[in-house]
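No value in this document is a laboratory result; all are computed from the given coordinates. Note that the coordinates shown come from a computational prediction; the quantities given were computed from them, not determined experimentally. Cβ coordinates were reconstructed from backbone atoms using ideal geometry, including for glycine residues, and neighbour counts include every protein chain displayed.
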Amino acid sequence: MKPGRTLLEAGAEGCSDAELLAILLGSGGRGYSALDSANALLDKYGTLAGLMNRSLDEIAQIRGIKVVRAIRLAAAYEICQRLLKEVARDA
């Protein structure tokens, strides 16, 4: 099942980390899917936290990522960081 379909049917909490990354990446390329690229990221960096501590250039070295997709991941990470700060401030 495609990651977007999983999210529609099971909700975001029903998606694996790789599926959520694949949704952010959007698409793959010739011979590989966004899910393949997402799995490659997690294979290399281990966890979402391990991935987010990397530079854009380093992330862009993974097949199918390139700089534009690395920027999307960095933006998503920053949104999460800001949300955590808001929650902590409001607690």
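A few comments on the model shown:
- Leu7 paired with Cys80, simple spin-label distance in nm, labels 7 Å along Cα-to-beta-carbon: 1.4
- Cβ-placed point charges (K, R +1; D, E -1), dipole of the stretch 1-90 about Cα centre in debye, nearest 20: 320
- Sparse packing (at most 11 other Cβ atoms within 10 Å of the Cβ) combined with a DSSP loop state is found for the following trypsin sites (Lys or Arg not before Pro) in the stretch 1-70: Arg30.
- Expected 222 nm ellipticity per residue - DSSP helices of 4 or more, -39500 (n - 2.57), all of the chain, to 500: -20500 deg cm²/dmol
- Listed residues Ala88, Gly29, Tyr77: farthest to the positive end of the dipole of the stretch 3-90 (Cβ charges): Gly29
- Among residues other than Thr6 with Cβ under 15 Å from its Cβ, the summed charge is -2 (Lys and Arg +1, Asp and Glu -1).
- For the stretch 5-78: relative contact order, % (alpha-carbon pairs under 8 angstrom, 6 or more apart): 25
- Shape summary of the stretch 27-71, radius of gyration then Dmax from alpha carbon positions: 9.8, 28 Å.
- Radius of gyration and Dmax over the Cα atoms of the chain, both given in Å: 13.7, 47
- Taking Ile62, Ile79, Ile23 as the candidate residues, the one with maximal mean-square fluctuation in a Gaussian network model of the chain, Cα springs under 10 Å, is Ile79.
- Using the Cβ of Ala38 as centre and a radius below 13 Å, the other residues enclosed give a net charge of +1, where K and R count +1 and D and E count -1.
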